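To start, the structure under review is shown below, and the notes come after it.
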Amino acid sequence: MSTKKIIIIISTIVILIALAIGGYIILNKKEQENAKNTFLSYIEKINNKEYENLYENITQESKEKISEEDFINRNKNIYEGIEATNIKVEIQNVEKENGIIKISYKEQMDTEAGRIDFENTANVIKDKNEYKIQWSSSMIFPELRDTDKVRIQTLKASRGKILDRNGKALAEDGSVSSVGIVPGKLGENKEENIKQIADLLEVTTEGINSALSASYVKEDTFVPIKKVSKTNTELKEKLLQIPGIKITDTEGRVYSLGKEAGHLIGYVQAISAEELEAKQGQGYTASSIIGKTGLEQAYEETLRGTDGSEIYIEDEEGNKLKQLAKQDLKNGTDIKLTIDSEIQQKLYNELQNDKGFFVVMEPKTGELLAAVSTPTYDSNDFVLGMTTLKWNALSEDESRPLYNRFLQRYCPGSTFKAVTGAIALTTGKVQKDQEFSYTGTSWKKDESWGNYEVTTLTAYTGAKNLLNAIMHSDNIYFAQATLAIGAEEYEKNLQKIGFNEKIDFPLELAKSQYSNEENISSEIKLADTGYGQGNLLVNPIHMASIYSAFVNNGNMIKPYIDYKEDKTPTILKENAFTSEAANVIKEALIQVVENPEGTANDAKVSGITVAGKTGTAELKTSRDDTQRNTLGWFDCFTINRQEGDLLIIGMVEDANINGGSHYLISKIKSIL
């Protein structure tokens with residue numbers, strides 16, 4: 001054979017071998033890819049809790065070792081028992097050995113006891129053109145045998161207390177009563193007894209029957225229906241007269257003030273699926289309790305505890321074989337507030353039948369002593385179990401008991417005249433004894449205002465100067481004063497004292513504003529804003545800080561609610577007004593109360609110096625509108641009160657019906 005023919009034959013053989021090898025490699029890669037897809041599909045189904053579908057991913061040989069029901073239960077009980085979520089795998093290597101495709105991977109998952117990481121291998125084989133996983137319990141955890149169990153041991157952490165300034169617990173983990181039914185003791189009149197229980201607990205008979213029909217329930221089983229306060233003895237006595245009722249103690253969050261501090265303290269409830277997803281990786285589990293509103297929500301990170309838990313593998317004899325994850329117990333931290341429970345309770349009791357708020361602050365330190373919003377809710381109702389009937393009653397109530405009024409912003413009416421007066425003096429645009437010229441109870445600048453006039457309630461004979469204007473609450477004076485200041489200067493000074501600005505406070509305070517637009521849009525709006533109308537809206541806690549400047553030589557004190565031994569105040573706005581301006585306004589506000597002609601003379605208290613300003617904010621859509629609500633305000637502070645000075649901002653709705661400012665004055669005097 002010639003050399004040429006030999007070369008051709010050898011070349012052909014090489015090509016055929018190369019093609020065979022190439023085909024094998026391509027086929028092998030395709031098999032590996034299919035095996036990987038089968039494995040990843042298996043993991044995805046675990047993440048989606050599709051345990052029923054998992055069984056189809058395993059080999060026939062594996063199925064012969066475990067029934068479908070046992071397979072589903074084992075996977076479900078282990079993964080859900082440890083609250084496994086966010087399971088991720090990272091494939092390290094794929095190789096074929098003796099017809100088995102071996103997938104080496106790293107796996108991690110979040111659990112109730114923290115993150116678990118491990119390395120493992122999945123064996124995949126081709127079975128009738130389908131790729132299946134050779135399954136055993138080691139697919140869950142490498143060390144887990146089919147006869148072993150996965151255990152979780154939990155130590156419950158306590159949530160921190162919320163305390164008032166004197167150490168009284170406003171919120172704490174305590175004991176509540178669990179009302180339940182023992183089915184076998186309901187007696188012959190079962191349906192009638194269930195209806196009585198439903199009526200007393202404000203739940204539905206359908207809900208009770210559903211609980212009683214659960215698969216675990218036997219004749220002697222205690223079936224919990226609803227939690228009630230331990231102090232609700234009247235209700236419990238009525239319930240215990242019904243056959244089948246049993247009442248036991250259980251753990252729960254307890255709110256000592258209930259309605260008196262509902263909006264301020266808020267409440268906790270079970271974490272929602274959305275919250276759990278948002279808090280992923282922060283130690284929360286599906287069984288976690290979380291602050292939903294108020295200070296319970298604002299101080300969640302401080303108050304919450306971290307349950308101690310351990311996940312481990314246990315053998316048939318109950319021996320611990322391997323620890324998979326451990327999280328140490330960490331109890332929550334207590335929060336001590338500046339709130340005075342006595343003042344909080346008194347003011348709630350005064351205002352409980354109205355729509356309004358009270359904010360009380362120590363004017364020289366900024367300590368918030370009370371924050372009341374009415375109507376309100378009882379925080380305990382949410383913890384004990386809010387029934388559909390009660391929730392509907394709250395959410396559909398036209399008086400809006402779920403609405404926290406002291407966090408919002410409102411038209412301040414004439415209480416803002418003190419602020420306009422301070423700005424007028426600070427800017428030098430108006431002098432203390434300067435008099436304006438006008439007569440009667442209505443005025444307009446000129447004919448460019450058309451038919452619009454500023455009106456004031458009463459005429460008075462004294463000079464039209466700052467002192468008399470504040471004392472008699474003269475709208476016309478402050479309209480003219482604001483025009484003298486000018487829009488640009490007035491807006492600049494409002495911004496200087498915190499308008500359009502977020503105030504740092506644990507609860508979200510609505511920003512105060514002076515216009516619905518970027519600027520005050522007209523002379524009429526400017527004039528109206530000067531006496532507390534127009535588009536002016538003020539948050540009450542912000543207003544407390546503004547009024548504190550009249551006590552502190554023009555410096556606005558920052559309100560705070562975290563108790564501290566060092567009472568040194570933090571200045572929110574230094575030189576908000578000049579010292580001279582602030583003291584002039586303070587003296588004028590004293591005369592509003594002390595002078596017999598002052599609009600708040602009925603706020604006078606023997607032995608105490610009170611400075612204050614009344615205000616009625618009209619929420620009219622037009623001058624002829626007589627149907628809209630009006631707001632009654634009274635803002636005041638004491639000077640050298642023996643028990644400690646108080647600065648109080650109060651507002652009540654429906655002032656055109658209940659007497660407004662003077663209605664509030666009688667209530668405020670109860671704590672002065």
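The values are calculated or read from the model by the stated rules, or taken from the named source; none is laboratory data. This is a predicted model, so every value here is computed, not measured. Backbone-built Cβ (ideal geometry, glycine too); neighbour counts: all protein chains shown.
Quick notes
- The strands (runs of 3 or more DSSP E) found wholly in the stretch 252-332 and carrying at least 1 residues that are touching a helix residue (DSSP H, G or I) at 6+ places or on another chain (Cβ under 8 Å) and in contact (Cβ under 8 Å) with a residue 24 or more places away in the chain occupy 268-270, 289-291.
- Given (1) at pLDDT 95 or above; (2) out of contact with any strand residue (DSSP E or B) (no Cβ under 9 Å at 6 or more places or on another chain); (3) surrounded by fewer than 17 Cβ atoms within 10 Å (Cβ to Cβ); (4) more than 19 Å from residue 458 (Cα to Cα), index of the condition residue 587 fails: (2)
- For first residues located in the stretch 470-486 and more than 21 Å from residue 594 (Cα to Cα), partners that are among the aromatic types (Phe, Trp, Tyr) and in a helix (DSSP H, G or I) and lie 6+ apart or on another chain with Cβ distances below 9 Å form the pairs 478/416; 482/490.
- In the stretch 410-432, the residues that are surrounded by fewer than 20 Cβ atoms within 10 Å (Cβ to Cβ) and touching a helix residue (DSSP H, G or I) at 6+ places or on another chain (Cβ under 8 Å): 427, 429, 431, 432
- When 196, 134 are checked against the criterion of being in contact with an Asp or Glu (Cβ under 8 Å, 6 or more places away or on another chain) and not charged (D, E, K, R), a single residue qualifies: 134.
- Test: residue in the stretch 385-393 that is assigned to a helix (DSSP H, G or I) and surrounded by 24 or more Cβ atoms within 10 Å (Cβ to Cβ): no
- Of everything in the stretch 323-349 that is at pLDDT below 95 and basic (Lys, Arg), the residue that is farthest from residue 156 (Cα to Cα) is 326.
- The stretch 40-55, subset part of a helix (DSSP H, G or I) and either polar (S, T, N, Q) or not assigned by TED's automatic domain parsing to the domain that holds residue 80 (or both), residue modelled with the lowest pLDDT: 53
- Exactly one residue among 432, 445, 464, 417 is among the charged types (D, E, K, R) and part of a helix (DSSP H, G or I), and that residue is 417.
- Qualifying residue in the stretch 64-75 (condition: at negative phi, of a type outside the set (Asp, Glu), crowded, with 16+ Cβ neighbours inside 10 Å and outside any helix (DSSP H, G or I)): yes
- Residue 95 being in a loop (DSSP other than H, G, I, E, B), modelled with pLDDT under 95 and not small (Gly, Ala, Ser): no
- Selection of the stretch 478-513 for residues being on the phi > 0 side of the Ramachandran plot and surrounded by 16 or more Cβ atoms within 10 Å (Cβ to Cβ) yields only 498.
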